[in-house]
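The values are calculated or read from the model by the stated rules, or taken from the named source; none is laboratory data. Keep in mind that what you see is a predicted model, and the values were worked out from it rather than measured. Note that we place each Cβ from the backbone using ideal geometry, even for glycine, and neighbour counts take in every protein chain shown. Side chains included, ligands, DNA and RNA excluded: accessible areas come from the protein's heavy atoms. Shrake-Rupley method; radii C 1.70, N 1.55, O 1.52, S 1.80 Å.
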Amino acid sequence: MKKLLLLGAFAFFGGLAQAQEGFRLGGHIGAPLGDAADAASVTLGIDAAYMWNITKGLDIGATTGYSHFFGKDNVEDFGFIPLAVSGKYTFNKVPLFVGLDLGAAISTKNYINSGVYVAPRVGYQMKNVELYLGFQNIGSKYKNYGPGPDPRWNRNDRFNFGAINFGANFFLK
């Protein structure tokens, strides 16, 4: 029932949507979650994307950037470079949007594998700026060698490096 209501809401607002085609540059700050919360205190990042308007209200594009996790308790800093497809649905009469990035994240440390990147977000749309609250998650595997960030990670296992982020993006046409 919830899916049907959500689909109905998208269909209702579909005619009211406004596109934001072009370059999108911005940044975010966040609180680490999951396994990242054990090793990092805060995350900062930059975002870049190019979006194409597919249909009224729906933009699809490619995105990249960098998310830096600042280590805590003598843990070394680490980061990821996402390479993803980005989708965004924007409403016109209600200046809100929903978005999702799906792809891969390349690790900047040799002891953490690259992984699957998922980043849903919701936000407030202005003419050339968007403010958003999002969740980012990188499903990765620790390589069990090298100077690991945490002694608890000394096993060959999967980890989720996530964060709740607040960000701002600016549109350049």
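Pick out the one residue from K93, K88 that is of a type in the set (D, E, K, R), in contact (Cβ under 8 Å) with a residue 12 or more places away in the chain and part of a strand (DSSP E or B). If you could, list the steps in order and put the result at the bottom.
Working: K93 fails: part of a strand (DSSP E or B).
When all the criteria are applied, what remains is K88.
I'm trying to understand the selection: among the residues of the stretch 69-81, which are touching a strand residue (DSSP E or B) at 6+ places or on another chain (Cβ under 8 Å), open to solvent by 10 Å² or more (accessible area, probe 1.4 Å) and touching a residue at least 40 places away in the same chain (Cβ under 8 Å)?
The first filter runs over the stretch 69-81 and keeps only residues touching a strand residue (DSSP E or B) at 6+ places or on another chain (Cβ under 8 Å), leaving 69-72, 75, 77-81.
Right, trim to open to solvent by 10 Å² or more (accessible area, probe 1.4 Å) and you get 70-72, 75, 77, 81.
G71, V75 - these are the residues of the stretch 69-81 that are touching a strand residue (DSSP E or B) at 6+ places or on another chain (Cβ under 8 Å), open to solvent by 10 Å² or more (accessible area, probe 1.4 Å) and touching a residue at least 40 places away in the same chain (Cβ under 8 Å).
Within the stretch 23-64, if we keep just the residues that are out of contact with any strand residue (DSSP E or B) (no Cβ under 7 Å at 6 or more places or on another chain) and either part of a strand (DSSP E or B) or open to solvent by less than 40 Å² (accessible area, probe 1.4 Å) (or both), the residue that is modelled with the highest pLDDT turns out to be T55.
Whenever a residue of the stretch 22-41 is closer than 22 Å to N169 by Cβ, its partners that are acidic (D, E) and open to solvent by less than 40 Å² (accessible area, probe 1.4 Å), lying with C-beta atoms within less than 6 angstrom and at least six residues away or across chains, give the pairs G26/D47. Just one of (1) open to solvent by 10 Å² or more (accessible area, probe 1.4 Å); (2) on the phi > 0 side of the Ramachandran plot fails for K93. It is (2).
Quick check on this structure: which one of F171, F159 is aromatic (F, W, Y), touching a strand residue (DSSP E or B) at 6+ places or on another chain (Cβ under 6 Å) and at pLDDT 90 or above? Step through it out loud before you land on a result.
Values: F159 fails: at pLDDT 90 or above.
Just a single option satisfies the conditions, and that option is F171.
The residues of the stretch 99-117 that are open to solvent by less than 50 Å² (accessible area, probe 1.4 Å) and under 17 Å from the mean Cα position of the chain (by Cα), listed by number, are G99, D101, G103, A104, A105, S107, G115, Y117. Every test in (1) more than 14 Å from N137 (Cβ to Cβ); (2) in contact (Cβ under 8 Å) with a residue 24 or more places away in the chain; (3) of a type in the set (S, T, N, Q) is passed by T64 save one, and that test is (2).
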